[in-house]
1. Of all the residues that make up the range 18-45, how many are part of a helix (DSSP H, G or I) and more than 20 Å from residue 61 (Cβ to Cβ)?
2. Only one of 206, 178 is in contact with a Gly (Cβ under 7 Å, 6 or more places away or on another chain) and either modelled with pLDDT of 90 or more or open to solvent by 70 Å² or more (accessible area, probe 1.4 Å) (or both). Can you tell me which?
3. Are any of the residues in the range 55-65 assigned to a helix (DSSP H, G or I) and not small (Gly, Ala, Ser)?
4. Identify all residues within the range 26-66 that are of a type in the set (Gly, Ala, Ser) and open to solvent by 40 Å² or more (accessible area, probe 1.4 Å); write none if there are none.
5. If you scan the range 75-85, which residues turn out to be surrounded by fewer than 16 Cβ atoms within 10 Å (Cβ to Cβ) and either under 22 Å from residue 19 (Cα atoms) or among the charged types (D, E, K, R) (or both)?
6. Can you tell me which residue is farthest from the chain's Cα centre (by Cα) among those in the range 110-132 that are of a type in the set (Lys, Arg) and surrounded by fewer than 20 Cβ atoms within 10 Å (Cβ to Cβ)?
7. Within the bounds of the range 101-111, is there any residue that is closer than 15 Å to residue 44 by Cβ and modelled with pLDDT of 90 or more?
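The values are calculated or read from the model by the stated rules, or taken from the named source; none is laboratory data. None of these values were measured; they are calculated from a predicted model. Cβ placement follows ideal geometry from the backbone for every residue including glycine, while neighbour counts extend to all protein chains displayed. Surface accessibility is based on the protein's heavy atoms, side chains included, excluding ligands, DNA and RNA. Shrake-Rupley method; radii C 1.70, N 1.55, O 1.52, S 1.80 Å.
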Amino acid sequence: MIVTIDGPAGSGKSSTAKKVAERIGWNYLDSGALYRTWTLLYVMGGMDKDYFLDVAGVHKVTLSVNEKGTGTEPLLNGEKVGDEIRQPIISSNVSAVAAMGPVRDKVNEEMRRIVQEHHFIADGRDLGSVVFPDAALKFYMVADLGERAKRRYEELKSKGMEVSLEEISRNLADRDAQDSGRDIAPLTRPEGSVEIDTTAMDFDEQVSFISGLINEKLTG
């Protein structure tokens, strides 16, 4: 079984999805980490789109269930990538890479492969609308730009990264425009999804609300 949580960058879906998965005893599937890993390869190749697409076929970006058995982690040619994929340069280019058809095909294929083995809470931008349209439950999380930028800033600073709130705000605004305006699988609220505005919600409220609806689904 799979439950999807979609929404724009910084809306809180990743941290919420991780905690919900932990609370109900499922695995967490981070779709964004797959796209970020492909973007790392793109950046390493000098951000030349033609070159990147030429060599993409000889590289593998896969997911493995982590050692704790609670979620997934991305591997580039079998090697862990860690926090390299959280750098600002990756964030600035991930939307462009995610808009490339061959990359989306590979990412979707990998996600569909791994969900055959476990129950997952998955977060992304087109999971409920494109990748898993038959998900047991679908959520769509939103929050205003200022709140999203603040959350992302605090997250990156806690990891020791040198970033500015202004830079992150610009990055998120750019990603909103790119994600919503792209031709392939644009960011949109999935049909049949429950929308949650997290601007004024604290973390526990988000987790409890989603966990409660999933438990109702399971016991109903």
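1. Qualifying residue count for the region: 7.
2. Of 206, 178, the one residue that is in contact with a Gly (Cβ under 7 Å, 6 or more places away or on another chain) and either modelled with pLDDT of 90 or more or open to solvent by 70 Å² or more (accessible area, probe 1.4 Å) (or both) is 206.
3. yes
4. The answer is 46, 57.
5. Answer for the range 75-85, where residues must be surrounded by fewer than 16 Cβ atoms within 10 Å (Cβ to Cβ) and either under 22 Å from residue 19 (Cα atoms) or among the charged types (D, E, K, R) (or both): 79, 80, 82, 83, 84.
6. Going through the qualifying residues, I end up with 113.
7. yes
Yes/no per residue for (1) surrounded by 15 or more Cβ atoms within 10 Å (Cβ to Cβ); (2) over 30 Å from residue 1 (Cβ atoms); (3) without any contact (Cβ under 8 Å) to a residue 12 or more places away in the chain; (4) under 16 Å from the mean Cα position of the chain (by Cα):
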| position | (1), (2), (3), (4) |
| --- | --- |
| 134 | no, no, yes, no |
| 140 | yes, no, no, yes |
| 143 | yes, no, no, yes |
| 146 | no, yes, no, no |
| 165 | no, yes, no, no |
| 169 | yes, yes, no, no |
